[in-house]
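**Student:** The structure is given below, and queries will be raised subsequently.
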Amino acid sequence: MIKSQYFLLPRRYNAGNLLLIKFDGNRHYSYWDGNKKNWVPGTTVFEEHWLNGYLIPVTDKEGKKLIEKEAKNASGNSLQTRELKNSIRQILRQRKDSMTQEERLEKSRRICSHLLEQITDGETVMAYTSKEKEVNTLSLITALLERGNPVVVPIIVKEDVSLRLSYLKDLSCLVTSTFGVPEPIGSEIPARGDDVDTIILPMHGFDRTGRRIGYGAGYYDRFLAKNPALRKIGIAFACQEYENLPADENDIPMDCIITEEGIVYPGGRGDATEGKGTRITDTCSEAFPVWLPRERIPAASRRQA
């Protein structure tokens, strides 16, 4: 018997976002969309087993308080977030520019070595084709092809800010194309997003909560929004780490982040059950509103000492 009307889904179970859910009766529910400032019908039915460690009931007063807070935070924050991200990109660009080509290649080899340990035989991998100053992926793609892993690469479509996919059989098919990115133009073998098991993403910067900052155009965020089931591995140099990156509603967290130092953000296959793209070591204040009493938080969601 479901007695409450409002429930909270913690950040760790919803890709880093706190979600307010309203039970509408007869196994139907809605969730609060802070951008649309409205309730959006759920696409599945409400399952009572969700109450066992996933959802926490809140009162009508607490639910309305959260809605007011979300609406206040959403207004006026987008421009501020974009400006902050642009400033951070400049800082990270300077860090990356300070590396020599030899350093980039050596660290790229180490990153690719760590990354290959996360890929299983037969797994279809979507890998970006690197340009200058990015983590070089040529050795990764070569190793995957030699192992027999199907490799898919993105092709930039500027007209609608999207990515078109193609299988890659041979590196010799790559030619310098949009934004200086190597692409198999003229040698495309069409692929779809649901052909891919794991996607390897370039990152301009990252933090230890799984957040990624790109170059600002949003190609990958749009692609990931349309293909949410992919395992997302971001790779970058260790110098590209930036503590507590700002994020907005369009930013999609990584399941795993790898640098030349190894895996720096949890999210290997063994961590999948902890919630993709979320911080496994959430504290109570990070996972729930500060006004929610600790005793109301499910024990399974409390940080273990």
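Throughout, read-outs are computed from the coordinates displayed, never taken from laboratory work. What you are looking at is a predicted structure, and each value in this text was computed from that prediction instead of being measured. Methodologically, a virtual Cβ is constructed for each residue, glycine included, from the backbone with ideal geometry; neighbour enumeration extends over all protein chains shown.
**Student:** Can you flag which of 61/232; 85/133; 85/226; 61/226; 22/85 are past 26 Å Cα-Cα?
**Tutor:** Result: 61/232; 61/226; 22/85 exceed 26 Å.
**Student:** Another question, then. In whole Hz and in residue order, list the ³J(HN,Hα) couplings for segment 192-209 that follow from phi through the Karplus curve 6.51 cos²θ - 1.76 cosθ + 1.60, θ = phi - 60°; x for Gly and Pro.
**Tutor:** 10, x, 7, 7, 8, 9, 10, 10, 9, 10, x, 9, 7, x, 7, 9, 7, 9
**Student:** Now a separate question. Which FRET efficiency value, to the nearest 0.05, do you get for residue 64 and residue 28 by plugging their Cβ-Cβ distance into 1/(1 + (r/R0)^6) with R0 = 22 Å?
**Tutor:** Computed FRET efficiency for residue 64 and residue 28: 0.60.
**Student:** Expressed as a rounded percentage, what relative contact order does segment 100-274 have, with Cα pairs under 8 Å and six or more residues apart?
**Tutor:** Once divided by the residue count of segment 100-274, the mean separation gives 21 percent.
**Student:** Please give the peptides 210-222, 150-162 ranked by average Cβ packing (other Cβ atoms within 10 Å per residue), highest first, as a rough proxy for protection.
**Tutor:** 210-222, 150-162
**Student:** Sticking with this structure for a sec: Using bins 5 angstrom wide from zero, how does P(r) for segment 100-274 break down, in % of all Cα pairs?
**Tutor:** 1, 8, 18, 22, 23, 17, 7, 2, 0
**Student:** For residue 130, enumerate residues with amide H under 5 Å from its amide H, sequence gap 5+ or separate chain, H modeled in the peptide plane.
**Tutor:** Result for residue 130 returns 137, 138.
**Student:** Which peptide among 113-120, 186-193, 231-238 comes first, and what is the full order, when sorted by highest mean count of other Cβ atoms within 10 Å?
**Tutor:** So the peptides 113-120, 186-193, 231-238, ranked by packing, come out 231-238, 113-120, 186-193.
**Student:** For the pair residue 114 and residue 94, how long in nm is the line joining their label points, each one 7 Å along Cα→Cβ?
**Tutor:** 2.5
**Student:** Taking a spot 7 Å from the Cα of residue 221 along the direction of its beta carbon, which residues of segment 184-214 have an amide N less than 20 Å from it?
**Tutor:** 199-214
**Student:** Could you sort 246-253, 199-206 so that the peptide with the highest average Cβ count within 10 Å comes first and the rest follow in order?
**Tutor:** In decreasing order of mean packing, 246-253, 199-206 become 199-206, 246-253.
**Student:** Could I ask something else about it? In whole Hz, with x marking every Gly and Pro, tabulate ³J(HN,Hα) for segment 160-172 from phi via Karplus 6.51 cos²θ - 1.76 cosθ + 1.60, θ = phi - 60°.
**Tutor:** Couplings: 10, 6, 9, 10, 9, 10, 9, 5, 10, 9, 8, 5, 5 Hz.
**Student:** Assuming 0.36 nm per residue, please report the length gained on full extension of the stretch residue 243 to residue 82 beyond their Cα-Cα distance.
**Tutor:** So the chain would gain 56.3 nm between residue 243 and residue 82.
**Student:** Still on this structure, I have one more. For segment 211-265, take the alpha-carbon Rg, divide it by the Kirkwood Rh, and send me Rg/Rh.
**Tutor:** A ratio of 0.95.
**Student:** Here's a follow-up. Per residue of segment 253-264, what does 6.51 cos²θ - 1.76 cosθ + 1.60 with θ = phi - 60° give for ³J(HN,Hα)? Whole Hz please, x for Gly and Pro, Karplus curve as stated.
**Tutor:** x, 7, 8, 7, 10, 10, 10, 5, 8, x, 7, 9
**Student:** How far apart, in nm, are two points set 7 Å out from the Cα along the Cα-to-Cβ line at residue 103 and at residue 159?
**Tutor:** 4.2
**Student:** Based on the Cβ-Cβ distance of residue 177 and residue 138, what FRET efficiency does E = 1/(1 + (r/R0)^6) give at R0 = 22 Å, to the nearest 0.05?
**Tutor:** 0.90
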